[in-house]
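The values are calculated or read from the model by the stated rules, or taken from the named source; none is laboratory data. Keep in mind that what you see is a predicted model, and the values were worked out from it rather than measured. Methodologically, a virtual Cβ is constructed for each residue, glycine included, from the backbone with ideal geometry; neighbour enumeration extends over all protein chains shown. In case anyone asks, the SASA skips ligands and DNA or RNA and just uses the protein heavy atoms, side chains included. Shrake-Rupley method; radii C 1.70, N 1.55, O 1.52, S 1.80 Å.
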Amino acid sequence: MDCIFCKLANGDIPTNMVYEDDKVVAFRDMSPVTPVHILVVPKKHYASLEDVPMEEMDIIADIHRAIRKIAVLEGFAESGYRVINNCGKDGGQEVPHIHYHLLAGKPLTKLITD
């Protein structure tokens with residue numbers, strides 16, 4: 001499989017990892033749109049939310065648990081943050097591996113669309 005996020009998650013490509021557990025990894029985005037821009041991805045490959053079988057939807061809860069831990073570890077749990085998942089081409093998804101954008105570090109009053 002030639003998935004960039006799979007390669008980052010399993011260490012084939014070095015990255016600025018900020019979190020890892022047995023199911024989820026998180027690393028800093030290479031093109032941040034906010035002062036804190038972290039990508040949170042499952043280690044197992046799913047192309048998008050629509051690709052996660054219903055019997056494996058617990059991975060979504062695992063991702064959200066990781067996001068809460070990261071917010072505390074990175075120091076922005078109290079001030080707030082935004083979580084975004086783009087699903088499919090028309091939803092703005094550019095990498096076909098489910099991932100969540102964790103944005104923080106400034107007030108996020110406007111919707112970020114680009």
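Can you tell me the length gained on complete extension of the stretch Lys106 to Leu49, counting 0.36 nm per residue apart and subtracting the Cα distance?
Details: separation 57, 0.36 × 57 = 20.52 nm, distance 2.76 nm.
Computed gain between Lys106 and Leu49 is 17.8 nm.
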Checklist entry - Which are the unpartnered cysteines of the chain, meaning those with no other cysteine Cβ under 4.7 Å from their Cβ? => result Cys87
Next on the checklist: How large a share of the accessible area of the chain, in percent, is made up of carbon and sulfur atoms when the probe is 1.4 Å and the other protein chains stay in place?
Outcome noted: 52
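Around His99, what is the net charge, scoring Lys/Arg as +1 and Asp/Glu as -1 over all other residues with Cβ under 15 Å from its Cβ?
+1
Where does the chain land at 222 nm, in deg cm²/dmol rounded to the nearest 500, when only DSSP H runs of n ≥ 4 count, each adding -39500 (n - 2.57), divided by all residues?
Working: 2 runs with 23 residues, N = 114.
Result for the chain, helices only: -6000 deg cm²/dmol.
Could you rank the peptides 31-40, 49-58 by their average count of other C-beta atoms within 10 Å per residue, with the highest value first? It would help to have the intermediate numbers written out before the result.
On the way: 31-40: 16.1, 49-58: 10.9.
Those peptides, ordered most packed to least, come out 31-40, 49-58.
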Item to check | Translational diffusion coefficient (Stokes-Einstein; Kirkwood radius from C-alpha pairs) of the chain at 20 °C, 1.002 mPa s, in µm²/s | outcome: 148
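If you wrap a convex hull around the C-alpha atoms of the stretch 1-59 and split its volume per residue, what is the figure in Å³?
Convex hull volume per residue, Cα atoms: 105 Å³.
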Checklist entry - Considering only protein heavy atoms, what per residue accessible area in square angstrom results for the stretch 4-104 with a 1.4 angstrom probe? => result 56
Item to check | Magnitude of the charge dipole, the chain, Cβ model with Lys/Arg +1 and Asp/Glu -1, debye to 20 | outcome: 440
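Want the number for Ile84 to Met57: 0.36 nm per residue separation, take away the alpha-carbon distance, what's left?
Working: separation 27, 0.36 × 27 = 9.72 nm, distance 1.73 nm.
Contour length minus Cα-Cα distance gives 8.0 nm.
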Checklist outcome for this item: Sorted by chain and number, the residues with a modelled amide H under 5 Å from that of Gln93, at a separation of 5 or more or across chains, are Cys87, Gly88
Item to check | Most positive-pole-ward Cα, Tyr19, Met57, Gly75, against dipole of the stretch 4-104 from beta carbon charges | outcome: Gly75
